[in-house]
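> The structure's right below; bear with me while I get my questions together.
The values are calculated or read from the model by the stated rules, or taken from the named source; none is laboratory data. Predicted, not measured: the structure shown is a model, and the values here were computed from it. Neighbour counts run over all protein chains shown; Cβ positions are idealised from the backbone, glycine included. The protein model used for the area step is the full one, side chains on, heavy atoms only, and it has no ligands, DNA or RNA in it. Shrake-Rupley method; radii C 1.70, N 1.55, O 1.52, S 1.80 Å.
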Amino acid sequence: MACYLTTGKHMSIYWSVLTVLLLLGITAPTALAFGFAGASAARSRIAPVSWLGRGYIAVVRGVPDIAFFLFFVIALDQIIEVTRHHILCPDWVEPIRQGNDFVVCQAAKMPLGNAPQWVHESYGFAIAVFTFAIVFGAFAANVIQGAMAAVPRGQIETGESYGMTSRQTFWRILVPQMWVYALPGLSNLWMVLIKATPLLFLLGIQDIVYWARELGGIKTSRFTDYPHGDWRMWYFLALLVFYLIFTRVSEITLERLMARLTLGQATTAGEAQRKARTT
Amino acid sequence: MKNLILTTAALAVTAGMAMADGHAVVRMGTEGAYPPYNFINDAGEVDGFERELGDELCLRAELTCEWVTNEWDSIIPNLVSGNYDTIIAGMSITDERDEVIDFTQNYTQPDPSSYLVASADADITGGVIAAQTGTIQASFIAASGATLVEFATPEETVAAVKNGEADAVLADNAYLAPIADEDGDLQLLDQKELIGGGVGMGLRESDGELKGKFDAAIQSMKDDGTLNALITKWEVGEQF
């Protein structure tokens, strides 16, 4: 049993757990940054910036995730390669599109054709993180935009009456206060993001779902030292437990964070906290 | 997995520089879920008939090769968009596929497709037959009178018969035979279907040079009998 669980193939599934955690760890802050930028842009008084922010939120939220993941990743990869192609191989005369084939010169390949496999995998991973960040950033932008609108006008007015500039009221009053309104929405997004990680599979990254399916599949004794029947149910059960534990831990953490952010805020929950302390 | 990556990385560094033009490293795309043709072994590496064959071909053609796995569903789109350079995944040569990609000469004889069933009286003319999406078997059933259910992996087609969702699986005999041997509930029907023109390597149509190299390597393996020895070892149909 111990031998079975430590085969090279099982090591791959353990690695893929780390891949998923790493993806979440990088994507969440990046998406938050995208969201913050998107929301700030949408609020901007400069019309083109505002259009850009609103356009980003509306378009990305409107496109189905799967379509976005399938289309955008391929398009992004090809845009990078075409750009590199034009810069690095200006003498190339053959067309890039030859029938069904997408052909760029060897030097323009991204990553280079002779790069080791881990470079290809990291590149794929980076593209995945970027795509996830764009998609979830749009949702986060919408949440943050709403949260910014929810901060009572009187709070900002107070700041203005003290002579703060609009930049100062934004950073010192609006942003610290809006988190408490944004957190419930953002925590929802975090939960969805956790569950969306199997979409990695669509992007050609061998994530835990791939390995669970591969390891659980029927194995005949000719091709393995550990033949077994259809064990996919058990592997997927393990995944279920993993995701349940993970979301539960997230919930608890987010609840604590919420309690902290509420402290001293002019909201119902903040008021309740204040009363609980004084009595 | 790690060793594979390290050795190939080392190879790529040392040998990759030698070839300035063309393919410094040939990336071999396979599915890794279709034993005995290709599968992931206990160590997490690509293994099987095509692994051995591919390594030998690369040796003979003096190419540095690297193995990559890809879903069967998207194995052709990823080839033409350049994510890897060959498909070596038990893919039968058909006219439909030949319109999109190029094939080398076949390296297995046409392997008859078998029906894997749970009971010998399963209805294979009007019943429900499972096949993997985008295979020659799937098109064969679609053209016959039976109801086709498609699955993304060969694994799931077998599971469908085991749980009664389908009456039979139609797939390459070489894939089904070991499963029927070990599972007491499943058996192969005597009826075989002769479809497909043997398995070949798929390449981009614009990649004529590489195709020529692999064609020559396959021919040399056919000539000196090493290909036949591999076919016997992995039981993937008739010899040449």
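> Just for the Cα atoms in chain B, what are the lengths along the principal axes, largest first, rounded to whole Å?
60, 37, 34
> If the rule is a partner Cβ under 4.7 Å, which cysteines in chain A fail it?
For chain A, the answer is A:C3, because their Cβ atoms have no other cysteine Cβ under 4.7 Å.
> If one takes the accessible area of chain A alone plus chain B alone and subtracts that of the pair, with a 1.4 Å probe, what total in Å², rounded to the nearest 100, results? Please report the intermediate quantities before stating the final value.
Details: alone 16700 and 11000 Å², together 24360 Å².
Roughly 3300 Å² of accessible surface disappears when A and B pair.
> Could you work out which residue, out of B:N163, B:N106, B:N38, moves most in a Gaussian network model of chain B, that is, has the largest mean-square fluctuation with Cα springs under 10 Å?
B:N163
> Using helices alone, what [θ] at 222 nm do you get for chain B, with -39,500 (n - 2.57) per DSSP H run of 4 or more residues, divided over all residues and rounded to the nearest 500? Working shown, then result.
Working: 9 runs with 91 residues, N = 240.
-11000 deg cm²/dmol, from helical runs alone.
> Also: Taking H placed 1.01 Å from N in the peptide plane, check which residues at least 5 places from B:W67 or on another chain put their amide H under 5 Å from its amide H.
Correct list: B:M28.
> Which FRET efficiency value, to the nearest 0.05, is calculated for B:Q105 and A:M191 with the Förster distance at 45 angstrom and r the Cβ-Cβ distance?
Numbers: r = 53 Å, r/R0 = 1.18.
E(calc), rounded to 0.05, equals 0.25.
> Sticking with this one: Sort B:52-58, A:88-94 by the packing proxy (mean of other Cβ within 10 Å over each peptide's residues), most packed first.
Values: B:52-58: 20.4, A:88-94: 10.0.
My ranking of the peptides, most packed first, is B:52-58, A:88-94.
> Of A:A31, A:A47, A:A212, which has the largest mean-square fluctuation in a 10 Å C-alpha GNM of chain A?
Ranking A:A31, A:A47, A:A212 by mean-square fluctuation puts A:A47 first.
> To continue, here is another question. Shape verdict for region B:113-193, please, from the Cα gyration tensor: rounded (a/c under 1.5), prolate (a/b greater than b/c) or oblate. If you can, show how the numbers build up before the last one.
Working: a/c = 1.39, a/b = 1.26, b/c = 1.11.
Rounded, since a/c falls under 1.5.
> May I pose another question? How far is helix A:117-150 tilted off the main Cα axis of chain A, in degrees rounded to 10, range 0 to 90?
20
> Considering only the other residues whose Cβ falls under 14 Å of the Cβ of A:A259, what net charge follows from Lys and Arg at +1 and Asp and Glu at -1? It would help to have the intermediate numbers written out before the result.
On the way: positive: A:R256, A:R260, A:R274, A:R277; negative: A:E251, A:E255, A:E271.
Charge balance near A:A259 sits at +1.
> Right, next: So what's the angle, to the nearest 10 degrees on a 0 to 90 scale, between helix A:268-278 and the longest Cα principal axis of chain A?
70
> Take a quick pass over chain B and tell me how many lysine pairs come in under 21 angstrom between Cα atoms, counting only ones 8 or more apart or on separate chains. Display every interim value, and only then the final one.
On the way: B:K162/B:K192; B:K211/B:K222; B:K213/B:K222; B:K222/B:K233.
Value for chain B: 4.
> Another one. Report for the protein assembly as shown the percent antiparallel among DSSP-assigned beta bridges with both residues inside it, nearest 5. Show your work: numbers first, answer last.
Values: 21 of 36 bridges.
Rounded to the nearest five, the antiparallel share is 60 percent.
> Next question. Between B:A89, B:A217, B:A152, where does the largest GNM mean-square fluctuation fall for chain B, given springs only between Cα atoms within less than 10 Å?
B:A152
> Rounded to the nearest 0.05, what FRET efficiency is calculated for A:W118 and A:R222 with R0 set to 25 Å and r the Cβ-Cβ distance? Before the final figure, lay out the partial values.
Values: r = 31 Å, r/R0 = 1.23.
Working from the Cβ atoms, E equals 0.20.
> A further question on this structure: Quick one: if the Förster radius is 60 Å, what FRET efficiency do A:W92 and A:R153 give, using the C-beta to C-beta distance and rounding to 0.05?
On the way: r = 59 Å, r/R0 = 0.98.
With a Förster radius of 60 Å, E is 0.55.
> Would you mind classifying region A:2-278 by shape? Square roots of the alpha carbon gyration tensor eigenvalues, ordered a ≥ b ≥ c; an a/c under 1.5 is rounded, otherwise it is prolate if a/b is larger than b/c and oblate if not. Kindly include the intermediate steps, with their values, before the conclusion.
Working: a/c = 3.22, a/b = 1.37, b/c = 2.35.
Taking the square roots of the gyration eigenvalues as a ≥ b ≥ c, region A:2-278 is oblate.
> Need one value for A:97-105: mean number of C-beta atoms belonging to other chains within 10 Å of its residues' C-beta atoms.
The shielding value for this peptide is 6.
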